[in-house]
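Visitor: Here's a structure for you.
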Amino acid sequence: MARFICNMRTSLAIYKGLISLRSMATYPRVVLGIETSCDDTGAAVVDEHGKILGEALLSQKDVHLKAGGIIPTVAQQLHRDNIDRVVNEAIICSGISASNLSAVATTVKPGLALSLGVGLIYSLDLVKQYNKPFIPIHHMEAHALTVRLLHPVEFPFLVLLISGGHCLLAVANGISDFLLLGQSIDEAPGNSLDKVSRRLSLIKHPECSCMSGGQAIEHLAQFGDKTFCKQILPLSKYQDCNFSFSGLQNYFNCVIQKMEDVEGIENGAVLSCAADIAASFQHAVAHHIIKRTQRAILFCKQENILPINASLVVSGGVASNGYIRKMLQNLTDCMGMSLLCPPPQLCTDNGIMIAWNGIERLRAGAGILNDTFDIRYEPRAPLGTDISEQVRKTAIKLPPLKIK
Ligand code: KG4
Ligand code: ZN
C-alpha cells in the first residue's frame with residue numbers, strides 16, 4: 001500500500017515560518033502545483049512571496065521497492081487512486097478555496113507517460129471547473145528553480161540536476177532560458193544507485209528496508225571503506241560535460257557477483273562487505289559528478305558565461321546525498337563559487353517545486369494558458385539550448401583537484 005507521508009511538512013513550515021491563514025482581502029497571488037511525473041503524487045499551494053501555504057505528498061516508494069522497480073501501470077493506478085485526496089489535502093491545508101487560486105501549474109514533461117497523463121487529465125478538469133489559467137511545467141526547470149523559493153539567487157547561475165531519471169549541467173539564464181552543457185548519455189545516477197542497491201539486496205538489510213536505493217547506499221556507506229573497490233572514472237578521456245553511469249553500475253554488479261562467490265552466498269542475501277561496496281560505489285558516483293562539474297565551471301569561466309562569484313545550484317533526488325554535497329562543497333570552495341542546495345525534502349520530487357515554478361511563470365507572464373485545448377504531456381523533453389558540442393570542442397583539460 002502507498003503511504004501517506006504528511007499533510008504539511010512541519011520541518012519546512014518551521015524553517016520558513018510559513019503556515020498562516022490570512023484574509024483573502026490582502027492575499028497575494030497563489031498557485032496550486034501538481035506533480036505526478038514519476039512515483040510521487042504531490043500537490044502544494046504556494047503564494048507569490050514563496051510562502052508554502054499547504055502541501056501533501058504521497059510516495060509510492062514502498063510499493064515499488066517491493067516490486068523491484070517502478071512499474072508504470074502500477075504507478076499510474078496509484079496516482080489515479082490518490083490524486084484527488086492529495087490535491088484536496090493541500091488545498092484544505094492552505095486555507096484557500098480552489099475558486100481563489102490564481103492558476104494551476106502541473107508537470108507535463110518529461111516523465112513516465114502514464115504518470116504524467118494522470119496529473120494532466122486531473123488538472124485540466126480542475127481548471128475547467130474553476131475557470132482558472134493553466135501553467136504547464138517542465139519537471140527539470142522546476143528542480144532548477146526551487147532554490148529561488150529559499151534564496152534570492154539571481155540569474156545567471158550554473159545548475160547541476162541529479163535525480164532518478166536525469167543528470168544534466170546547465171546555465172540558467174532565466175526562468176525558461178537554459179544552456180545545456182552536458183547530460184547523461186545512458187543512466188541517471190539515481191537509477192544506478194537504485195539498481196546497485198537492489199543488486200546488493202539492501203531491502204533485506206534491517207536498517208535499509210524502507211529506504212530508496214540512494215538513501216540505502218548513503219546510509220550503509222557511512223560504515224564502509226570507499227577504497228574497497230578499484231576506482232574507475234567514466235568518460236575520463238572525453239573532454240566534455242556529459243555523464244555515464246551504466247559502466248560504473250556494471251562494474252559494481254560484477255564486484256558483487258565476485259564477492260557472492262567468495263563469501264559463498266546466493267544472489268538475494270546481503271554480503272558482509274555490502275557497506276564497503278556501497279561506500280566505493282557512492283564515491284565513484286560522486287567523483288564522476290565532481291569531475292564533469294569542474295569542467296562545466298572552467299568552461300563558464302573561460303567563455304565568460306557566468307559572473308565571477310556565480311553560484312552552483314544542485315538539486316534533484318540525488319542532491320539529498322550528504323557525501324555528494326560535501327564533495328561539491330569542496331569543489332566550489334576550490335573554484336571560488338558558492339554552493340546552493342535546497343533541503344533534501346525539496347530536492348526529491350514534490351508539489352512545492354511545481355507550484356513555485358508556476359509562481360515564477362506567473363510573475364514573468366510566461367507560459368500561462370487560458371486555452372488548454374492543445375496541451376499534451378511529453379515523456380521526453382530536453383531542457384534549453386544544447387551547447388554540449390561547443391563544450392566538447394573547447395576540450396578543457398582538468399587540473400588536479402584536491403578532493404578531501
Ligand atoms: O528527483 P527524484 O525524487 O525523482 C526523479 O525526478 O527522478 O529522485 C529520486 C532519486 C531516486 O533514484 C533515489 O534513489 C535518489 O533520488 N535519492 C538519493 C538519496 N535520496 C533519494 N540518492 C542518493 N542519496 C540520497 N540520500
Ligand atoms: Zn525529479
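Visitor: Inspect region 127-142 for any residue being assigned to a helix (DSSP H, G or I), within 12 Å of ligand 1 (Cβ to nearest atom), hydrophobic (A, V, I, L, M, F, W, C) and touching a Phe, Trp or Tyr at 6+ places or on another chain (Cβ under 9 Å) and give the result as yes or no.
Guide: The answer is yes; a qualifying residue exists.
Listed here are the residues, each with its yes/no results for (1) touching a Phe, Trp or Tyr at 6+ places or on another chain (Cβ under 8 Å); (2) buried (at least 20 other Cβ atoms within 10 Å of the Cβ); (3) in a helix (DSSP H, G or I).
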position	(1), (2), (3)
Y323	no, no, yes
K326	no, no, yes
N330	no, no, yes
C334	no, no, yes
Q345	no, no, yes
D349	no, yes, no
A355	no, yes, yes
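Visitor: Hey, among L160, L233, L180, L150, which residue is surrounded by fewer than 18 Cβ atoms within 10 Å (Cβ to Cβ) and within 17 Å of the chain's Cα centre (by Cα)?
Guide: None of the others qualify; the one that does is L150.
Visitor: Is it the case that K61 is within 16 Å of ligand 2 (Cβ to nearest atom), at pLDDT below 95 and either among the hydroxyl-bearing types (S, T, Y) or surrounded by fewer than 24 Cβ atoms within 10 Å (Cβ to Cβ) (or both)?
Guide: When the stated conditions are applied, K61 passes them.
Here's the yes/no breakdown for (1) out of contact with any Gly (no Cβ under 6 Å at 6 or more places or on another chain); (2) within 14 Å of ligand 2 (Cβ to nearest atom):
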| residue | (1), (2) |
| --- | --- |
| V86 | yes, no |
| A105 | no, no |
| A113 | yes, no |
| L116 | yes, yes |
| F134 | yes, no |
| L149 | no, no |
| E154 | yes, no |
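Visitor: Starting from region 366-377, take each residue that is polar (S, T, N, Q) and list its partners that are exposed (fewer than 14 other Cβ atoms within 10 Å of the Cβ), counting only C-beta distances under 8 angstrom and pairs at least six apart or across chains.
Guide: If the second residue must be exposed (fewer than 14 other Cβ atoms within 10 Å of the Cβ), the pairs left are T372/K128.
Visitor: Still on this structure, please answer the following. Considering only region 233-286, state which residues are of a type in the set (D, E, K, R) and part of a helix (DSSP H, G or I).
Guide: Correct list: K258, E260, D261, E263, D276.
Visitor: Next up: Return the pair list, or none, for Cβ contacts closer than 9 Å from residues in region 57-68 that are free of Cβ contacts under 8 Å to residues at least 40 places away in the same chain to residues that are part of a helix (DSSP H, G or I) and buried (at least 22 other Cβ atoms within 10 Å of the Cβ), at least 6 apart or on different chains.
Guide: The qualifying pairs are H64/A75.
The values are calculated or read from the model by the stated rules, or taken from the named source; none is laboratory data. Note that the structure is a prediction, hence the values are computed from the model and not measured. Neighbour counts are summed over all protein chains in view; Cβ atoms, including those assigned to glycine, are modelled from backbone coordinates with ideal geometry.
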